[in-house]
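The values are calculated or read from the model by the stated rules, or taken from the named source; none is laboratory data. Remember, it's a predicted structure, so these values are computed and weren't measured experimentally. A quick note on method: Cβ atoms are made from the backbone with ideal geometry, for glycine too, and the neighbour counts reach across all protein chains shown.
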């Protein structure tokens, strides 16, 4: 959530230092489910080192919807905030070190922070950015070919292409592993 925040800005530093005492360190091996689709999110994770993915089950098939790397705050925000079942699963892709906060520990601080205009504006900016990212991703499935989606990912987030197993990349851009392999071969030849 905070991957787009200017961490050098005074307000961001104040916010992070105010919340840090409410987080505890934890480590998880690769392929650890941190939140199962249908459960209510009661934790939020700040990724210090590692990678996570958000995916959902569609007719028995895992559809990867988003990836998160270092310095990202991750949870099912709607589930966490409203206490409703999560629409997706949150899973580590590689061994991951995080800072974890429990909702009951930070809920009063969140409410207090949202009453302060500077922090509220920070939350709003981050939430709007996340919303814009999701809108753009959704539009890419209407307006772009799988090849264009792959190239966009390659150009904008090359670390994902290098770190994440290709079957997750294929799921993310909406193709099979075989199709992705053919697509990459075509791009290398072209």
Report the residue count in region 118-127 for those that are without any contact (Cβ under 8 Å) to a residue 24 or more places away in the chain, farther than 18 Å from residue 79 by Cβ and touching a helix residue (DSSP H, G or I) at 6+ places or on another chain (Cβ under 8 Å). 1
Which condition number in (1) at pLDDT 90 or above; (2) over 30 Å from residue 18 (Cβ atoms); (3) under 14 Å from the mean Cα position of the chain (by Cα) is the one that residue 67 fails? (2)
I'd like the full set of residues that are out of contact with any strand residue (DSSP E or B) (no Cβ under 8 Å at 6 or more places or on another chain) and either free of Cβ contacts under 8 Å to residues at least 12 places away in the same chain or over 14 Å from residue 181 (Cα atoms) (or both), limited to region 150-165. 152, 153, 154, 155, 156, 158, 159, 161, 162, 163
Single residue of region 96-117 satisfying the filter (out of contact with any strand residue (DSSP E or B) (no Cβ under 8 Å at 6 or more places or on another chain) and touching a residue at least 60 places away in the same chain (Cβ under 8 Å)) that is farthest from residue 42 (Cα to Cα): 113
Hits in region 1-47 - residues which are under 20 Å from residue 157 (Cβ atoms), surrounded by fewer than 16 Cβ atoms within 10 Å (Cβ to Cβ) and at pLDDT 90 or above: 30
